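Since the structure comes first, as structure tokens, the remarks are kept for the end.
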Amino acid sequence: MQFTAKIHAPEIDPRNRHPKIFEVFDGLNSGEFMELSNDHDPKPLHYQLMIEREGTFTWEYLEEGPSMWRVSIGKK
């Protein structure tokens, strides 16, 4: 899988983390993917995407802990 962008969430200040991830997602073209890596399950982000970008994304876990989670987020 080819990723247009990669984000390692722990490197982003917590208060700016979700806005930055949404900014990168919104910059994707249809059919492009971003890779998100994090030190915990990014399930709250998934819920937020389901509410704020309903029907516009795909979410696939590539790695599920225990120390690293990686998710492929695609733009439909």
Legend entry - the range 1-42 - charge dipole about Cα centre, Lys and Arg +1 at Cβ, Asp and Glu -1, debye rounded to 20: 80
Legend entry - Portion, in percent, of the accessible area of the chain that falls on carbon or sulfur, probe 1.4 Å: 49
Inset, instruction - Go through the range 58-75 residue by residue and turn each phi into a ³J(HN,Hα) via Karplus (6.51, -1.76, 1.60, θ = phi - 60°); whole Hz please, and just put x for glycine and proline. - result: 10, 9, 9, 5, 9, 8, 10, x, x, 9, 9, 10, 10, 10, 9, 10, x, 9
Inset, instruction - Find which of 28, 45, 7 sits farthest along the positive direction of the dipole of the chain, computed with +1 on the beta-carbon of Lys and Arg, -1 on that of Asp and Glu, about the Cα centre. - result: 28
Inset, instruction - Over the chain, give the accessible area per residue in Å² for a 1.4 Å probe, as an integer. - result: 61
Inset, instruction - Just the Kirkwood number for the chain, please: inverse of mean 1/r across all distinct Cα pairs, in Å, one decimal. - result: 12.4
Inset, instruction - Note down the magnitude of the dipole of the range 14-76 about its Cα centre, charges +1 on Lys and Arg C-beta and -1 on Asp and Glu C-beta and zero elsewhere, to the nearest 20 debye. - result: 180
Inset, instruction - Give the residues of the range 7-21 whose amide nitrogen is closer than 18 Å to a point set 7 Å from the Cα of residue 59 in the direction of its Cβ. - result: 7-10, 17-21
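The values are calculated or read from the model by the stated rules, or taken from the named source; none is laboratory data. A quick note: this is a predicted structure, and the numbers were derived from the prediction, not measured. Please note: Cβ atoms are built from the backbone with ideal geometry, for glycine as well, and neighbour counts cover all protein chains shown. With ligands, DNA and RNA removed, areas are computed over all heavy atoms of the protein, side chains included. Shrake-Rupley method; radii C 1.70, N 1.55, O 1.52, S 1.80 Å.
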